[in-house]
Number of protein chains: 2
Amino acid sequence: MTDLVTPTAADREDAAAVRSSTVAHMKWWGWGVPGVAFHHEDKPAFAPFVLKAVGIDLDGTEPLAQPDFDRLDVPASIAGEALRDALAAAVGADGVVDGDLDRVVHTYGKSIRDLIKVRAGRLPRVPDLVVYPADEAAVQAVVDAVVAHDAVLIPFGGGSNIAGSLEPVPGEPRPVVSVDLGLLDRVLGIDERSGLARIQAGALGPSLEAQLNERGWTIGHFPDSFTHSSLGGWIATRSSGMQSDKYGDIADITRGLHVARPGGLLELRATPSASTGPSVREMILGSEGRLGVITEATVQVHRVPAKRVIHAYFFPNWRAGSAAMQQIAESDVHPAITRVSDGRETGFSLATSKASKGFSGLAQKGLFAFLKRRGWDLDAMCLSFIGYEGADDHVARQRKAVERIVKRNGGVSVGTGPGVLYDQKKFDTPYLRDFLLDRGTVGDVSETSVPWSGLDAMHDGVIAAAEAAYASIGRKGWIMSHLSHSYHSGACLYFTFAFVAQDDPEAEYDVVKHAIQQAFIDLGGVPSHHHGIGLEHAEWLPDVLSDPGIGVLEGLFAATDPGRNLNPAKITAS
Amino acid sequence: MTDLVTPTAADREDAAAVRSSTVAHMKWWGWGVPGVAFHHEDKPAFAPFVLKAVGIDLDGTEPLAQPDFDRLDVPASIAGEALRDALAAAVGADGVVDGDLDRVVHTYGKSIRDLIKVRAGRLPRVPDLVVYPADEAAVQAVVDAVVAHDAVLIPFGGGSNIAGSLEPVPGEPRPVVSVDLGLLDRVLGIDERSGLARIQAGALGPSLEAQLNERGWTIGHFPDSFTHSSLGGWIATRSSGMQSDKYGDIADITRGLHVARPGGLLELRATPSASTGPSVREMILGSEGRLGVITEATVQVHRVPAKRVIHAYFFPNWRAGSAAMQQIAESDVHPAITRVSDGRETGFSLATSKASKGFSGLAQKGLFAFLKRRGWDLDAMCLSFIGYEGADDHVARQRKAVERIVKRNGGVSVGTGPGVLYDQKKFDTPYLRDFLLDRGTVGDVSETSVPWSGLDAMHDGVIAAAEAAYASIGRKGWIMSHLSHSYHSGACLYFTFAFVAQDDPEAEYDVVKHAIQQAFIDLGGVPSHHHGIGLEHAEWLPDVLSDPGIGVLEGLFAATDPGRNLNPAKITAS
């Protein structure tokens, strides 16, 4: 996070105020640590880019004031004494919290819709209690207490969810308990001969990775949310990370599981593979709390690679870039990262570079002049990052093989400079999103996976759908995309979009988001490749599972949670 | 199958008799095509090996006569007219069969226990009807008719199952319908840009592979049962194949699914990846008919590789061989096959070589003399096969990297000759098993997966458990093993065992099989890595899923099949 402003002493005090039982939380009104924020003073191309993209003049726009917590109208807790007593017996009296700030922090995740709502004080239903169990037995006791008192339980990891998985359903008449796993943050052990680590589900990315690194290991799982998301959250939303091309998605990484379920702990033995179906492991993966609370997982870990490097390449256009990614995927080469941005996102990346670094400066100008002479349209040009990991000679060989493919598709190498910057800034995007929201601009992301044969049509079709949606609400909008993960049969396309809201940011956002998600489905994709389903994407689940498939899911939930006590209405409404 | 005797004209007539609606079946009393059989005339070391291993003198033992179908006492069909009419409406009158031979063929799979039972005429419950739907709509109509008439449905692919997944439960009072998918055997289409093929579930390995090969593609899935198992069966038992190290297990290969469920067709969209949980796809995988009948799958297919070669290596002992496999798994190399046999299985392989080929002859004697001079114990020596696929230079580079690891672990290269033989004979083992059964020897296989840290203890512990079991029943027995699949965190160990039965082959077998399976669990493994659960392995499922995990499975089955019409009592008893 070299590229952000950092907290002051006052900010740190602010952060301490949201701390409960030694668990730190993000800002109640935005992403990340209080005091850390995006700024663009050293990025001269940024303001002109934003003006062109969404029509807002950053230099003439004062940011909105930080929202005032005291002006929120927080509904009172409806938790009764019996439930409070039972939970206090489970986690200790200190671990049961009903303060307004804590409850508001646990009401939403951090999607743009969540931020719009919380900043506007829209709090139709907040958790009635937040509990902080300190170990697995306490989590089990909480689950049993919630079911015994017919309350509702919502597990909470880092709070970074953007699919609506964390919020209580408006109108829920029963007490709602948010179970914060923040105290379960330890790596419990590493089987060094097998490359398996037992890790508590509440461990956030930086903490678990530091504990593993200390002993020479890495989990290799780096979602955009890494700094503020937890192992349990990754599993509960079936997450992917930036290096999943090499390490696999969390579904591949997760081998054993502990889940606190009503009546007792579900324990799945950690084994390399099994012909045991229907797979209970893969029912827990992506279950978003509906089957219980994940307390621990045994995950694959790898030796920190001898070498890790990210190379940047430019392709003359999107078709050339996506074709190269497919050719890499079907080749004998296995990079850690295969990513290519479209022309729009490439323009954005160049605009967020610092004046003195990365693509800026004379070198860049020389390169661009050269590419222009070769006939490139610099607005269509696509920036790609390919990551290599392993022994020196392996990295060198992989790079050579990739660069043959890059060249065959008309691409050129730009070296490792931009890759170093990408690596440093890769977790900063949500701060930029909040910076724009402070200035009235609504930005969000939506992503899907699609077979290679439909990839280019998906790319163009989603952009067309978003532009039609902007036109329908009469707003100037922006959308850009990158290919983020490659598989044998297709890839993930990740879209980022933004527009300046006018009258009703949430309603206007819904029109655009809906158009993009519908295009995913219409063009052969899925509602989400790595953000989960929650409330936000549930509408489109029948399109990919069919009604009988939804019936199977609903049957599973009804049978395993007959009282609808476990995060009800997420994934499927019933 | 170059190494087997081949059918006569009379055998072909025999085979035609078991044919219904153009679907060919295996022998009712054994594996494979009538007339095809194992023989050892050209394998001089075989009889001495068998004498030493299990104490039977093949030269002095007359094979039992082929069992006589007419002597079986086949219970009459209890299917009533209404059910028959409804099924005839679903599949046509010709597609509903109640002949004794057809019904017996559909009573069991082909495990040794199945063969013992069917040869002894133990037929406590045979299907009352066999139906042959010709398309997906007919399968759906069959499912709905079975549920409407409160009958029981058991899907049947190639009939190669060895986990008891195909048999009706003794005492089932309702009519039992075996649904043979044999007519659904076509590759419906290939998305050549995405490497995805739509294939009907009843297609057997050779048929679907031939249809794919014709257009330059391969599925890359080659289980031991390949010649007589179907795509639907692979999916329903969550199967692995010999080249899964490269192509993935069937769980990785399967992307989209069609499943005929009561009330309608479940259709899962084929996509590269999705963060949609709980994964309905992975509920169907390994479901053994309990969620419905798989009618079609969209699977990953690959271009037939430019080069495919299997190299053989010898290691001085098991520890050296298994260490090398792990080092390959954690290296940057990705072979298509990583396999190493223990000293016992290596001895067996040498004994089944023809006099003039493979390891025999002067070359072998020269090599063995050389290894002896180097201090090797030839009884402990371990044979390994590593398969390489891809472009020429890729194969060469992978081989070089593997051979560095082989050398580091004290191994030597034996070239490609044995690999060619292995490749030709890889599907013959069940014929050998039947040859021995004809001579009173009960042989079977059991396999598990285990983390690397427990691999050697598992290998030695299972052998000790089997030997204790042999001692307890007072029989001379044999057990041998190979590592068949490697993963990041562990491997599959595959055990083959045999003994000469005395009084009660099934009861004696149960003692040995039970000891081996229990050792799997006690030593950190799973009940099965690639043979499924069925009835045979269900006893050990709670050990790896825990009781709450079994509760989730039972809840799923109860919710999705409240009438228990879909292959009840498989995987879990309730």
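The values are calculated or read from the model by the stated rules, or taken from the named source; none is laboratory data. The structure presented is a predicted model; accordingly, all values stated were derived computationally and were not measured. FYI the Cβ positions are ideal-geometry reconstructions off the backbone, even for glycines, and counts take in every protein chain you see.
Could you check A:Ala297 against (1) more than 21 Å from the chain's Cα centre (by Cα); (2) within 20 Å of A:Ser240 (Cβ to Cβ); (3) of a type in the set (Gly, Ala, Ser); (4) buried (at least 24 other Cβ atoms within 10 Å of the Cβ) and say which number it fails?
In the conditions (1) more than 21 Å from the chain's Cα centre (by Cα); (2) within 20 Å of A:Ser240 (Cβ to Cβ); (3) of a type in the set (Gly, Ala, Ser); (4) buried (at least 24 other Cβ atoms within 10 Å of the Cβ), A:Ala297 misses (1) alone.
Is it the case, given these coordinates, that A:Gly233 is out of contact with any helix residue (DSSP H, G or I) (no Cβ under 9 Å at 6 or more places or on another chain), in the same structural domain as A:Ala391 (by TED's automatic domain parsing) and at pLDDT 95 or above?
No.
Go through the range A:203-220 and give me each residue that's free of Cβ contacts under 8 Å to residues at least 60 places away in the same chain and either within 27 Å of A:Ser484 (Cα to Cα) or of a type outside the set (Asp, Glu) (or both).
A:Ala203, A:Leu204, A:Gly205, A:Pro206, A:Ser207, A:Leu208, A:Glu209, A:Ala210, A:Gln211, A:Arg215
Within the range B:520-566, can you find the residues that are among the hydrophobic types (A, V, I, L, M, F, W, C), out of contact with any Gly (no Cβ under 6 Å at 6 or more places or on another chain) and within 30 Å of B:Ala464 (Cβ to Cβ)?
B:Phe520, B:Ile521, B:Val526, B:Ile533, B:Ala538, B:Trp540, B:Leu541, B:Val544, B:Leu545, B:Ile550
Taking the conditions exactly as written (outside any helix (DSSP H, G or I), farther than 20 Å from A:Ala201 by Cα, β-branched (Val, Ile, Thr) and under 26 Å from the mean Cα position of the chain (by Cα)), does A:Val126 satisfy them or not?
Considered against the rule, which asks whether it is outside any helix (DSSP H, G or I), farther than 20 Å from A:Ala201 by Cα, β-branched (Val, Ile, Thr) and under 26 Å from the mean Cα position of the chain (by Cα), A:Val126 comes out as yes.
From the list B:Gly286, B:Gly232, B:Gly264, pick out the single residue that is surrounded by fewer than 22 Cβ atoms within 10 Å (Cβ to Cβ) and either farther than 24 Å from B:Tyr422 by Cβ or more than 10 Å from chain A (Cβ to nearest Cβ) (or both). Walk me through it before giving the result.
Values: B:Gly286 fails: surrounded by fewer than 22 Cβ atoms within 10 Å (Cβ to Cβ); B:Gly232 fails: surrounded by fewer than 22 Cβ atoms within 10 Å (Cβ to Cβ).
Going through B:Gly286, B:Gly232, B:Gly264 in turn, just one is surrounded by fewer than 22 Cβ atoms within 10 Å (Cβ to Cβ) and either farther than 24 Å from B:Tyr422 by Cβ or more than 10 Å from chain A (Cβ to nearest Cβ) (or both): B:Gly264.
Looking for something in contact with a Cys (Cβ under 6 Å, 6 or more places away or on another chain) and either closer than 28 Å to B:Arg433 by Cα or not assigned by TED's automatic domain parsing to the domain that holds B:Val420 (or both) - is there at least one such residue anywhere in the range B:291-307? If you could, list the steps in order and put the result at the bottom.
So in the range B:291-307, the residues in contact with a Cys (Cβ under 6 Å, 6 or more places away or on another chain) come out as none.
So far as the range B:291-307 goes, no, none of its residues is in contact with a Cys (Cβ under 6 Å, 6 or more places away or on another chain) and either closer than 28 Å to B:Arg433 by Cα or not assigned by TED's automatic domain parsing to the domain that holds B:Val420 (or both).
Would you check if there is a residue in the range A:531-543 being over 28 Å from A:Val118 (Cβ atoms), in contact (Cβ under 8 Å) with a residue 24 or more places away in the chain and out of contact with any Lys or Arg (no Cβ under 9 Å at 6 or more places or on another chain)?
no
Right, B:Ala210: within 14 Å of chain A (Cβ to nearest Cβ), out of contact with any strand residue (DSSP E or B) (no Cβ under 8 Å at 6 or more places or on another chain) and under 30 Å from B:His334 (Cα atoms) or not? Before the answer, list the steps.
Values: within 14 Å of chain A (Cβ to nearest Cβ): no; out of contact with any strand residue (DSSP E or B) (no Cβ under 8 Å at 6 or more places or on another chain): yes; under 30 Å from B:His334 (Cα atoms): yes.
So B:Ala210 fails the test.
Testing B:Gly555 on (1) surrounded by 23 or more Cβ atoms within 10 Å (Cβ to Cβ); (2) within 14 Å of chain A (Cβ to nearest Cβ); (3) more than 24 Å from B:Ser453 (Cα to Cα), one condition comes back false. Which one is that?
Among (1) surrounded by 23 or more Cβ atoms within 10 Å (Cβ to Cβ); (2) within 14 Å of chain A (Cβ to nearest Cβ); (3) more than 24 Å from B:Ser453 (Cα to Cα), the lone unmet condition for B:Gly555 is (1).
So, in the range B:143-157, how many residues would count as being farther than 15 Å from B:Glu81 by Cα and either in a loop (DSSP other than H, G, I, E, B) or in contact with a Pro (Cβ under 9 Å, 6 or more places away or on another chain) (or both)?
7
How many residues are farther than 19 Å from B:Val552 by Cβ, of a type outside the set (S, T, N, Q) and modelled with pLDDT under 95 when one looks only at the range B:273-294?
Count: 1.
Do any strands (runs of 3 or more DSSP E) lying entirely in the range B:405-494 carry at least 2 residues that are closer than 14 Å to B:Met325 by Cβ, and which ones are they?
B:441-451, B:477-486
If a residue must be of a type in the set (Val, Ile, Thr), buried (at least 24 other Cβ atoms within 10 Å of the Cβ) and either away from every other protein chain (no Cβ under 12 Å) or farther than 23 Å from A:Trp318 by Cβ (or both), how many such residues does the range A:491-536 contain?
2
Every residue in the range B:68-93 that is without any contact (Cβ under 8 Å) to a residue 12 or more places away in the chain and not hydrophobic (A, V, I, L, M, F, W, C), please.
B:Asp68, B:Asp70, B:Glu81, B:Asp85
Looking at (1) within 7 Å of another protein chain (Cβ to nearest Cβ); (2) within 23 Å of the chain's Cα centre (by Cα); (3) among the hydroxyl-bearing types (Ser, Thr, Tyr), which is the only condition A:Ser275 fails?
Only one criterion in (1) within 7 Å of another protein chain (Cβ to nearest Cβ); (2) within 23 Å of the chain's Cα centre (by Cα); (3) among the hydroxyl-bearing types (Ser, Thr, Tyr) is unmet by A:Ser275, namely (2).
When both residues are 6+ apart or on different chains and their Cβ atoms are under 9 Å apart, which pairs have a first residue that lies in the range B:16-40 and is closer than 14 Å to B:Gly99 by Cβ, and a second that is at pLDDT below 85?
As it stands, the answer is B:His25/B:Ala15; B:His25/B:Val18; B:His25/B:Arg19; B:Trp28/B:Val18, since those pairs meet every condition given.
Of everything in the range A:94-120, what is part of a helix (DSSP H, G or I), in contact with a Leu (Cβ under 9 Å, 6 or more places away or on another chain) and either farther than 30 Å from A:Gly443 by Cα or without any contact (Cβ under 8 Å) to a residue 60 or more places away in the chain (or both)? Give them in sequence order.
Correct list: A:Gly95, A:Asp100, A:Asp114.
Matching residues to (1) away from chain B (no Cβ under 14 Å); (2) over 19 Å from A:Arg433 (Cβ atoms); (3) of a type outside the set (Ser, Thr, Tyr):
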{"position": "A:Ser489", "(1), (2), (3)": "no, yes, no"}
{"position": "A:Gly549", "(1), (2), (3)": "no, yes, yes"}
{"position": "A:Asn565", "(1), (2), (3)": "yes, yes, yes"}
{"position": "A:Thr572", "(1), (2), (3)": "no, yes, no"}
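Can you name every residue in the range A:282-307 that is in contact with a helix residue (DSSP H, G or I) (Cβ under 8 Å, 6 or more places away or on another chain) and not hydrophobic (A, V, I, L, M, F, W, C)?
A:Glu282, A:Gly286, A:Ser287, A:Glu288, A:Gly289, A:Arg290, A:Gly292, A:Thr295, A:Glu296, A:Gln300, A:His302, A:Lys307
Any residue that is basic (Lys, Arg) and more than 24 Å from B:Leu493 (Cα to Cα) - is there at least one of those in the range B:373-380?
Looking only at the range B:373-380, we keep the residues that are basic (Lys, Arg), and these are B:373-374.
Still in the list and also more than 24 Å from B:Leu493 (Cα to Cα): B:373-374.
Scanning the range B:373-380 turns up at least one residue that is basic (Lys, Arg) and more than 24 Å from B:Leu493 (Cα to Cα).
Checking the conditions here, which among A:Gly205, A:Gly171, A:Gly159 is at pLDDT 95 or above, away from chain B (no Cβ under 13 Å) and surrounded by fewer than 20 Cβ atoms within 10 Å (Cβ to Cβ)? Spell out how you get there, then give the answer.
Details: A:Gly205 fails: surrounded by fewer than 20 Cβ atoms within 10 Å (Cβ to Cβ); A:Gly159 fails: surrounded by fewer than 20 Cβ atoms within 10 Å (Cβ to Cβ).
Exactly one residue qualifies, and that residue is A:Gly171.
Does A:Leu257 fit the bill of being in contact with a strand residue (DSSP E or B) (Cβ under 8 Å, 6 or more places away or on another chain) and within 7 Å of another protein chain (Cβ to nearest Cβ)?
Against the criterion (in contact with a strand residue (DSSP E or B) (Cβ under 8 Å, 6 or more places away or on another chain) and within 7 Å of another protein chain (Cβ to nearest Cβ)), A:Leu257 does not qualify.
For the range B:167-193, what are the residues that are touching a residue at least 40 places away in the same chain (Cβ under 8 Å), part of a loop (DSSP other than H, G, I, E, B) and touching a Phe, Trp or Tyr at 6+ places or on another chain (Cβ under 6 Å)?
Correct list: B:Glu167, B:Leu183.
Consider A:Leu181 carefully, then state whether it is under 22 Å from B:Ser453 (Cα atoms) and modelled with pLDDT of 95 or more.
no
Would you confirm whether or not the range A:344-361 contains a residue that is touching a helix residue (DSSP H, G or I) at 6+ places or on another chain (Cβ under 6 Å), closer than 20 Å to A:Trp318 by Cβ and modelled with pLDDT of 95 or more?
No: the range A:344-361 contains no residue that is touching a helix residue (DSSP H, G or I) at 6+ places or on another chain (Cβ under 6 Å), closer than 20 Å to A:Trp318 by Cβ and modelled with pLDDT of 95 or more.
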